[in-house]
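Structure record follows, encoded as structure tokens.
The values are calculated or read from the model by the stated rules, or taken from the named source; none is laboratory data. Model, not experiment: these values are computed from the prediction. No Cβ is skipped: glycine too gets one built from the backbone with ideal geometry, and neighbour counts run over all protein chains shown. The area values use the complete protein model at the heavy-atom level, side chains included, leaving out ligands, DNA and RNA. Shrake-Rupley method; radii C 1.70, N 1.55, O 1.52, S 1.80 Å.
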Amino acid sequence: MSAESARTIALPSGEEIAALGQGTWYLGEDPARREQEIAALRLGLDLGMTVVDTAEMYGDGAAEELVGEALRGRREEVFLVSKVLPGHADRKGTVAACEGSLRRLRTVRLDLYLLHWRGRWPLEETLAGFTDLMEAGKIRYWGVSNLDVADMVELTALPAGDAVAVDQVLYNLSRRGIEWDLLPWCREAGAAVMAYSPIEQGRLLKVEALGAVARALGATPAQVALAWVLEQQGVAAIPRSGSPDHVRENRGAVDLHLPTEALDALDEAFPPPSGPTPLEML
Ligand SMILES: NC(=O)c1ccc[n+]([C@@H]2O[C@H](COP(=O)([O-])OP(=O)(O)OC[C@H]3O[C@@H](n4cnc5c(N)ncnc54)[C@H](OP(=O)(O)O)[C@@H]3O)[C@@H](O)[C@H]2O)c1
């Protein structure tokens, strides 16, 4: 296993980021697990999982604080992502929320800042806040999360809306709806897709059909589920783990290329969509 992640995806700017990153939902909430969670995140960086996804929502800032501690001395290795809550996402609120995230994360700049989901504020307001933050050098890129095709069409029709770098959405073997419309739309528009809950918060790992494919490949169910996401062009995955053993296991997905027979067996057990499906959220 090489220390550098062998797989990357391209942002619209052409910049490449690791296709396998790390989520942080529910991290930083249990003092008894803190040291292990920090060790897990740092091990992930050692193994090339250098995209770190967090949000002001997670643990009311506790996840960002944990990430800030984990990244001490290593900030430059990381592509750091955080998110503004919809209720904060007017122009001024977006800037203020980002400044709070920067403080908790102990950094001066985010690599990517996302609208967590669409709420009551018009998209123009959030976009104006993102633009202010870009101009101030506090974020490098902006994007969205949980936006389906109609919202993306509306967003990209706004002035500067086509600069959207990423749509972060629920995507895994058991949630394939985006393959019908949103994923092709994003590819066409040049926006990258970040798959959240790529192992369905652990629930996928108990599905026997996935276990059978994994056994045939000498891999684990988590590795197959993650490798499957990484097979999709232009899609990154951000599994969350507070366990160094799981992080090491998940990193193995980068080196696992799924043969046609495995992909066919997975298609049979987890069929692709046969029509439009509204975007699901967790
Ligand atoms: N934008 C959004 O609205 C949104 C929504 C949901 C999630 N997210 C982001 O996406 C990230 C990932 O999604 P998620 O946390 O919902 O779910 P997930 O990554 O699909 O699953 C996380 C769960 O799986 C376990 N796990 C991880 N690797 C494992 C392995 N190899 N074997 C067994 N269990 C394993 C973790 O426990 P251990 O800690 O014990 O390993 C944890 O309980 C989040 O953390 C967050 O950053 C974004």
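Taken over the chain, the convex hull of the Cα atoms encloses 118 Å³ per residue.
Both radii are taken from the alpha-carbon atoms of the stretch 216-282; with Rh as the Kirkwood radius, Rg/Rh is 0.99.
Answer with one residue from L85, I199, V166: the one whose Cα lies farthest towards the positive end of the charge dipole of the chain, charges on Cβ with Lys, Arg +1 and Asp, Glu -1. In the chain, that residue is L85.
Probing with 1.4 Å while keeping every protein chain in the model, the per residue accessible area of the chain equals 42 Å². Taking the Cα centre of the chain as origin, work out the dipole magnitude from +1 charges on Lys and Arg Cβ and -1 charges on Asp and Glu Cβ, in debye rounded to 20. So the dipole magnitude of the chain works out to roughly 700 debye. Within the stretch 180-282, what whole-number % of the accessible surface is contributed by carbon and sulfur, with the 1.4 Å probe and all protein chains included in the calculation? Percent of accessible area from carbon and sulfur atoms in the stretch 180-282: 53. Atom-type composition of the exposed protein surface of the stretch 1-51 places 51 percent of the accessible area on carbon and sulfur (1.4 angstrom probe). As a ratio to 2.2 N^0.38 Å, the alpha-carbon radius of gyration for the stretch 6-103 is 1.11. Positive-end ranking of A63, Q22, I9 along the dipole of the stretch 1-142, with charges on Cβ about the Cα centre, is headed by A63.
Our note on the geometry: Cα centres of the stretch 115-139 and the stretch 167-189, 23 Å apart.
Taking 0.36 nm per residue of separation and subtracting the current Cα-Cα distance, fully stretching the chain between E231 and Q36 would add 67.2 nm. The trypsin sites (Lys or Arg not before Pro) of the stretch 1-96 that DSSP puts in a loop, and whose beta carbon has at most 14 other beta carbons within 10 Å, are R72, R74.
What the pair-distance distribution of the stretch 1-56 shows, using all Cα-Cα distances binned every 5 Å from zero, is 4, 18, 23, 21, 15, 11, 5, 2, 0 percent.
Report note on the peptides 255-261, 20-26: ranked by the mean count of other C-beta atoms within 10 Å, highest first, their order is 20-26, 255-261.
Over its Cα atoms, what ratio of radius of gyration to 2.2 N^0.38 Å does the stretch 166-258 give? Taking N as the residue count of the stretch 166-258, the ratio is 1.06.
For A237, the residues whose amide H sits under 5 Å from its own are L20, G21, A195, ignoring neighbours fewer than 5 places away on the same chain, with H placed 1.01 Å from N.
For the residues A32, A227, A89, a GNM of the chain with alpha-carbon springs under 10 Å puts the largest fluctuation on A32.
When the charge dipole of the stretch 147-282 is built from unit charges on Cβ atoms (+1 for Lys and Arg, -1 for Asp and Glu) and taken about the Cα centre, the candidate among A150, P272, A189 whose Cα reaches farthest toward its positive end is P272. Here the alpha carbons of the stretch 104-225 define both size measures, Rg and Dmax, at 17.4, 52 Å.
In a fully extended conformation the segment linking T260 and M281 would gain 4.6 nm over its present Cα-Cα distance, using 0.36 nm per residue.
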